[in-house]
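The values are calculated or read from the model by the stated rules, or taken from the named source; none is laboratory data. Note that the structure is predicted; figures quoted are calculated from it, not measured. So basically every Cβ, Gly included, is an ideal-geometry build from the backbone, and we count neighbours across all protein chains shown. The accessibility values were calculated without ligands, DNA or RNA, using every heavy atom of the protein model including side chains. Shrake-Rupley method; radii C 1.70, N 1.55, O 1.52, S 1.80 Å.
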Amino acid sequence: MVYSRESRIKDVLKSPVGHDVIAKLLMQAGKSMALVENPIVGNIKLKSLPKLSRGLVDDSFVDLLASLFNSVPDTPQPYDGPIQRAWWKEAVVYQIYPRSFQDSNGDGIGDLNGITQRLDYLKELGVDVLWLSPIYDSPNDDNGYDIRDYKAIMKEFGTMEDFNRLLDGVHARGMKLIMDLVINHTSDEHAWFKEALQNPDSPCRDYYLFRPAKDGKTPPNNWTSFFSGSAWNHYPEQSFWALHLFSKKQMDLNWDNPALRSSVYEMINWWLQKGIDGFRLDVINYISKAEGLPDGNETVGKLMGFTGVEHYFYGPNLHRCLQEMHENTFSRYDVMTVGETPGVGIEMAKLLTDERRKELDMVFSFDHLENPGKARFDLYRYDLRCLKEILCDWQQHYGNASWNSLFFENHDNPRMVSKINPDPAFREVIAKLLAVIQFTLKGTPFVFQGQELGMVNASFSSIDELRDIESINLYHELLQKGKSEAEALTIINGGSRDHARTPMQWSGEPNAGFTAGEPWIRPNASYPAINAESEQQDAQSVFAFYKQVIALRHQNPALVYGEFALEPTPRELFCYRRVLDGAEFYIEINLTEQPQKRKAKASAYTPVLSNYTKPLEMLRPYEATIYRI
Ligand code: NOJ
Ligand code: CA
């Protein structure tokens, strides 16, 4: 189907891009899909949108939508078969942010030997796979997400020998290790970029996105960077500009160049040859950019907070690149892949992960991390009732040809417990509630370091305490826009990525047992009360609960492969069953701080694990229980 101004909404919803873009735009506006799913709205033609929206969107917006819907014509294909079993579907993954995990030599920076020292802890917890955020050589403009040399280890983190020892230690314990793969961009200090700048005739010149100024002066287009300002750097001596979607030192690669693609595959195979077990692929859906790098639509820019995204969040060659990469690399090894795909919704994710298409095993979609109409830096209380709606959609409609990822935290987001309810009285029950959800749904759970302790957000009292480039740039942008220092800091405290990057809380010793030196970022003041050492000794701790729920999942394939059946309940409750070959679990959750009426039925079941000691007549605040039927 070819889309145009004449297309009707109901037809547009049949296109994966159409469905997900409309869902995303509605969500940004705080509205639900129900708005477009009714027959009257379904019959509206795209060309009527400018009038109906009273000028909020114009004709160019409508044309842009139509061209986006046409850009990727594939649609998810039906699949009636069973779920194919795989080790990575049964695995529990644990994300390590190496800089903040464990320092072994007193320089205040976490390192590879520190991780090796803590492998027994991870084994005790029950995790199967470790994912390391980037450990490659890097000038650290974005803590390693700016890679200078893909085949070398960052000096502060150790040596290649240290890495080999870590990998052996992981394998010796029956665990696996996956690496972060950052191939949308490199550091501007990477040999390819330096060569490209020095020698305009070098083949490396076309590894990046160099463009002349638009009118002899201004950047080639109006795209903005995720880390504030224009997405273009000017190189006056070359009279050229180069694209960077992230920091000024993270230069976007040109995936339309076959030589660049081969160089990347060669590097991937070099690591796979070393025996690692897979990759998490950084912003992998951004690699293909629209031909000609056209200006971004201002309306979309305002809605999304960044201009230009529509031209690369799901580019025209994305699927082709992923299939080629899979064929040349991953398909040759027994490894897992998970793509980080901001902005990708359920229908696009189906295409990216359909096992018959051979692209990626799983993706991280982010729709569930904020409530509708909210963005990360907004100050609000996260409402779990909205989480239920999104998770149910994926559980019920993702299908058996694709496999899901399950996560609430990572190094780019504040701690989930704090977002839901910062009252310390509820910290443990909420942390356990989230674990119940994460380990009883269909998909592979990813735990972020410290999540298993119920770690909470920091309280930054000055910008000097922050280290993240995104927070620092945003702070200065806010000041420029007229905010006071206090106002700017309040916003930064709402959404800073540094909340997740304070040191892992190992013990009540100075600096949380993270380092014997001066830590690169100040530990969260909560560490005397919230730390691994004390939680390991406490049978009621969040850590103990994680151990139990992970073990339960490992012992029960029904929790991995079982069918998901939602129980009809009021919005405040989230109740479902997981069923496989006669084994059945019932999960009952109160999503609110208020007591709720318990479903009478549950009393006939056997409780296996709960965040409260024993069931009462009413469900208590945030009560979450797993029953065996
Ligand atoms: C996503 C990573 O998770 C984030 O930490 C990083 O800043 C950007 N990609 C750029 O690599
Ligand atoms: Ca160190």
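Descriptive notes on the structure:
- Here, P(r) means the percent of Cα pairs in each 20 Å bin from 0 to the largest distance; for the chain it is 18, 55, 26, 1.
- Surface share of carbon and sulfur [accessible, 1.4 angstrom probe, percent] for region 9-71: 61
- Total formal charge among the other residues, if their Cβ is under 15 angstrom from that of Pro76, Lys/Arg +1 and Asp/Glu -1: -3
- A probe of 1.4 angstrom, applied to the heavy atoms of all protein chains, finds Trp394 with accessible area near 30 square angstrom.
- Cα-derived Rg over Rh, computed across region 191-252 with Rh taken as Kirkwood radius: 0.95
- Charge-dipole axis of the chain as Lys and Arg at +1 and Asp and Glu at -1 on Cβ define it, positive-most pick from Phe61, Val338, Asn297: Phe61
- Selection from Ser496, Asn421, Ala401, by position along the positive dipole direction of region 396-537 (Cβ): Ala401
- The share of Cα pairs per 5 Å bin across region 9-71, counted from zero up to the longest distance, runs 4, 18, 27, 34, 16, 1 percent.
- Assigned charges on the beta-carbon of Lys, Arg, Asp, Glu; the chain dipole about Cα centre (debye): 1860
- Under a model in which nothing but the beta-carbon of Lys, Arg (+1) and Asp, Glu (-1) is charged, region 191-252 shows a dipole of about 200 debye around its Cα centre.
- Less than 5 angstrom separates the built amide H of Cys575 from those of Glu567, Ile589, all sequence-distant by 5 or more or on a different chain.
- With protein chains left intact and a 1.4 Å probe, residues in region 327-443 average 30 Å² of accessible area per residue.
- The loop-placed chymotrypsin sites (Phe, Trp or Tyr not before Pro) in region 1-110, going by DSSP, that have at most 16 neighbouring Cβ atoms within 10 Å of their Cβ come out as Tyr79.
- Zone residues, region 449-476, relative to Glu518, backbone N less than 14 Å from point 7 Å out along Cα-to-Cβ: 465
- Globularity ratio of region 260-414, using Cα Rg and 2.2 N^0.38 Å: 1.12
- Here the convex hull built on the C-alpha positions of region 539-629 has a volume of 97 cubic angstrom per residue.
- The residues of region 9-71 have, on average, 50 Å² of accessible surface per residue, using a 1.4 Å probe with all protein chains present.
- For region 186-282, the carbon plus sulfur part of the accessible surface works out to 54%, probe radius 1.4 Å.
- Here region 557-628 is treated with +1 on each Lys and Arg Cβ and -1 on each Asp and Glu Cβ, and its dipole about the Cα centre works out to around 160 debye.
- Surface analysis of region 191-252 yields an accessible area of 46 Å² per residue, using protein heavy atoms and a 1.4 Å probe.
- Rounded to 5, the percent of DSSP beta bridges in the chain classed as antiparallel: 60
- Projecting label points 7 angstrom from Cα along Cα→Cβ for Lys151 and Asn43 puts them 6.4 nm apart.
- Lysines whose Cα lies under 20 Å from that of Lys51, excluding same-chain neighbours fewer than 8 positions away: Lys10, Lys31, Lys302
- In this structure, His234 and Leu479 have a Cβ-Cβ separation that, at R0 = 25 Å, corresponds to a calculated FRET efficiency of about 0.55.
- A protection proxy built from the mean count of other Cβ atoms within 10 Å ranks the segments 217-227, 138-148, most packed first, as 138-148, 217-227.
- Fully extended contour minus Cα-Cα distance, from Asp201 to Trp270, at 0.36 nm per residue: 22.1 nm
- Projecting the Cα atoms of Ile135, Ile83, Tyr121 onto the charge dipole of region 16-160, computed from C-beta unit charges around the Cα centre, puts Ile83 farthest toward the positive end.
- Maximal additional length on extending the Ala583-Asp80 stretch stands at 178.9 nm, based on 0.36 nm per residue less the C-alpha distance.
- Pairwise label distance in nanometres, Ser53 with Trp87, each label 7 Å out on the Cα-Cβ vector: 4.8
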